[in-house]
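**Q** Pasting a structure below so you can have a look.
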Amino acid sequence: MFKKSEPTSPGLIGPIVSSAFTLAIVAGCLIALAFWADGYSAALRTFTSMIMPVGLAWTIGGFLTLWSIRRGRLGGILVFGLFFVAVGLLGNSRISDRLMRSVEWPFEDAADEQLESTIAPPFRTIVVLGGSISTGPDGRFELGPDGERIFTAAQFWHQGRTESIICTGSSVTTEAPSTTGRILLESAGVPAKAIFESPGMNTVEEMQNLKTFFDQPPETFPQAGDGRIGLITSAFHLNRAMRLARAQGFKFTPLPVAYRQGERDNYEVYDWVPTVQNLKDSTTALREWLAYFAGR
């Protein structure tokens, strides 16, 4: 009376099971290798990274690539395989670290410049490029990931190594970075009379407006025409900033901060698992290369 149900097509279930099994073995070997090489904590970090959004997407991409290979789907192999390789490469710390090193101001040069600035006469002024401050949920301004820009500027003032500070930046959606920079510097004890502002929606505009500022400085601005001028910005951004500064005829002393490249070369197993921070760093470095080739 009842028809016998047809078995599920082995052509679909087989590749799914074998792909998942293969991927589970690879993931298990990676976790086991982390445990063997660096201990329980490293194994746990490896597992945790694999189940976080980026790691999980990468793992699923690997599964879909294996499944496409088993099914003989060329389109799937290309799409999922490219996704798996791209996320795997750009998302692991070894690659993102090297990309950052390719765009960041050489650390050795930065150390020499910082040492020289401690024994040389004070700067006439230090330019602090905007983009390092965020707004908290309570509306207060906070130092963002690149907040070392503001902190270092305050250090220079309190150490008597600069006569003034110029904060730059404009915004159409939030308070201008030049204004938020002033507010935080004042809260850190830098007198208002020593802080100046210059607008600019991006680095190109900031340099153009700084040219106007120095051509016609405010009356209260230090007037030593031959005094040195320092430029503080994140290390990854400093090459571009100095290139655009030279285009305006400036001879700034570069003062890089907020390095993102790693301090070590002895990477651990879990460093191979992609994370959102590594993807962000890789994206930042690639954006700097794009700006270089675009002449920006």
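Every number in this text was worked out from the coordinates using simple rules, so none of it is lab data. Just so it is clear, the structure is predicted and the values come from calculations on it, not from any experiment. Note that we place each Cβ from the backbone using ideal geometry, even for glycine, and neighbour counts take in every protein chain shown.
**Q** So between Thr212 and Asp138, what do we pick up on full extension, going 0.36 nm a residue minus the alpha carbon distance? Display every interim value, and only then the final one.
**A** Numbers: separation 74, 0.36 × 74 = 26.64 nm, distance 3.58 nm.
Result: 23.1 nm gained on full extension.
**Q** Going by amide H atoms built from the backbone, whose H comes under 5 Å of the H on Leu231, apart from near neighbours?
**A** Val127, Thr253, Leu255
**Q** Could you work out the relative contact order of segment 136-257? I mean the mean sequence separation of Cα pairs under 8 Å and 6+ apart, divided by the number of residues, in percent.
**A** Details: 136 pairs, mean separation 28.0, N = 122.
The normalised contact order for segment 136-257 reaches 23 percent.
**Q** As a test of the formula, what do you get for the chain when each DSSP H run with n ≥ 4 contributes -39,500 (n - 2.57) and the sum is divided by the residue count, at 222 nm and rounded to the nearest 500 deg cm²/dmol?
**A** -18500 deg cm²/dmol
**Q** Given the peptides 242-255, 208-221, arrange them by the average over their residues of other C-beta atoms within 10 Å, most packed first.
**A** Going by the mean number of other Cβ atoms within 10 Å, highest first, we get 242-255, 208-221.
**Q** Output the Cα-based Rg and Dmax of segment 183-296 in Å, rounding Rg to one decimal and Dmax to a whole number.
**A** Considering segment 183-296 through its Cα atoms, Rg and Dmax are 18.0, 58 Å.
**Q** Give the shape of segment 177-246 as rounded, prolate or oblate, defined through the alpha-carbon gyration tensor: a ≥ b ≥ c are the square roots of its eigenvalues, a/c under 1.5 means rounded, and otherwise the shape is prolate if a/b is larger than b/c and oblate if not.
**A** Details: a/c = 1.65, a/b = 1.19, b/c = 1.39.
Oblate is the answer for segment 177-246, as a/c is 1.5 or above yet b/c matches or exceeds a/b.
**Q** Next up: Can you say what percent of the DSSP beta bridges in the chain, counting only those with both residues inside, are antiparallel? Round to 5.
**A** DSSP beta bridges in the chain are roughly 15 percent antiparallel.
**Q** Using θ = phi - 60° and the Karplus form 6.51 cos²θ - 1.76 cosθ + 1.60, what ³J(HN,Hα) does each residue of segment 271-286 get, whole Hz, x for Gly and Pro?
**A** 5, 7, 7, x, 10, 5, 5, 5, 4, 5, 5, 4, 5, 4, 5, 5
**Q** Follow-up. Using only the Cα atoms of segment 42-201, build the gyration tensor, take square roots of its eigenvalues as a ≥ b ≥ c, and label the shape rounded, prolate or oblate: rounded if a/c is under 1.5, else prolate if a/b is larger than b/c, else oblate.
**A** Prolate is the answer for segment 42-201, as a/c is 1.5 or above and a/b outweighs b/c.
**Q** Residue by residue through segment 241-247, what is 3J(HN,Hα) from phi via Karplus (6.51 cos²θ - 1.76 cosθ + 1.60, θ = phi - 60°)? Round to whole Hz and write x for glycine and proline.
**A** 4, 5, 5, 6, 5, 4, 5
**Q** Amide H of Arg73: which non-local residues (sequence gap of 5 or more, or other chain) have their own amide H closer than 5 Å, using H built in the peptide plane?
**A** none
**Q** Continuing with this model, one more query. For segment 193-203, take each phi angle, set θ = phi - 60°, evaluate the Karplus expression 6.51 cos²θ - 1.76 cosθ + 1.60, and give the result in whole Hz per residue in order, putting x for glycine and proline.
**A** 5, 9, 10, 10, 10, 9, x, x, 7, 8, 5
**Q** Same structure again: So what's the angle, to the nearest 10 degrees on a 0 to 90 scale, between helix 40-51 and the longest Cα principal axis of the chain?
**A** Roughly 80 degrees, rounded to the nearest 10.
**Q** State whether the chain is rounded, prolate or oblate according to the following rule on the C-alpha gyration tensor (a ≥ b ≥ c being the square roots of its eigenvalues): a/c under 1.5 gives rounded; otherwise a/b larger than b/c gives prolate, and the remaining case gives oblate.
**A** prolate
**Q** Please compute the Cα-Cα pair-distance distribution of segment 47-95 with 5 Å bins starting at 0, giving whole percents from short to long.
**A** Calculated over all Cα pairs of segment 47-95, the distribution is 5, 25, 27, 22, 13, 7, 2 percent.
**Q** Quote to one decimal, in nm, the extra length available between Glu268 and Leu286 on full extension: 0.36 nm per residue of separation minus the C-alpha distance between them.
**A** Full-extension gain reported as 4.1 nm.
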